[in-house]
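K.L.:
Okay, handing you the structure first.
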Amino acid sequence: MAEKKTIELEVKSNLSDAENSLGSLKSQLRQAQAEVGALSDKFGATSKEAIAAAKNAAILADKIGDAKSL
């Protein structure tokens, strides 16, 4: 004979944590973009340092986009 069980789940949404995380990512993105500018000025826009910093900034921008879509 089949046995039925009931499971109760409580899901809490803490939007403030999500907002803080997104704010932190945005802050990191601003810092990364500032670093891109500084490295471009120091080494040139096509230098390997500036390109690496730009790639890191793009990764952060993608993460922000992913977080917003969730």
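The values are calculated or read from the model by the stated rules, or taken from the named source; none is laboratory data. A quick note: this is a predicted structure, and the numbers were derived from the prediction, not measured. Using ideal geometry, Cβ is built from the backbone for each residue, glycine included, and neighbour counts are taken over all protein chains shown.
A quick yes/no check of all residues on (1) hydrophobic (A, V, I, L, M, F, W, C); (2) at pLDDT 90 or above:
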{"site": "2", "(1), (2)": "yes, no"}
{"site": "6", "(1), (2)": "no, no"}
{"site": "14", "(1), (2)": "no, no"}
{"site": "22", "(1), (2)": "yes, no"}
{"site": "27", "(1), (2)": "no, no"}
{"site": "40", "(1), (2)": "no, yes"}
{"site": "45", "(1), (2)": "yes, yes"}
{"site": "52", "(1), (2)": "yes, yes"}
{"site": "68", "(1), (2)": "no, no"}
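K.L.:
Could you grab me the full set of residues in the range 32-43 that are surrounded by 12 or more Cβ atoms within 10 Å (Cβ to Cβ) and not hydroxyl-bearing (Ser, Thr, Tyr)? I'd like the intermediate steps shown before the answer.
P.N.:
As a first pass, look at the range 32-43 and keep what is surrounded by 12 or more Cβ atoms within 10 Å (Cβ to Cβ): 32-40, 43.
If the condition is that a residue be surrounded by 12 or more Cβ atoms within 10 Å (Cβ to Cβ) and not hydroxyl-bearing (Ser, Thr, Tyr), then 32, 33, 34, 35, 36, 37, 38, 39, 43 are the ones that fit.
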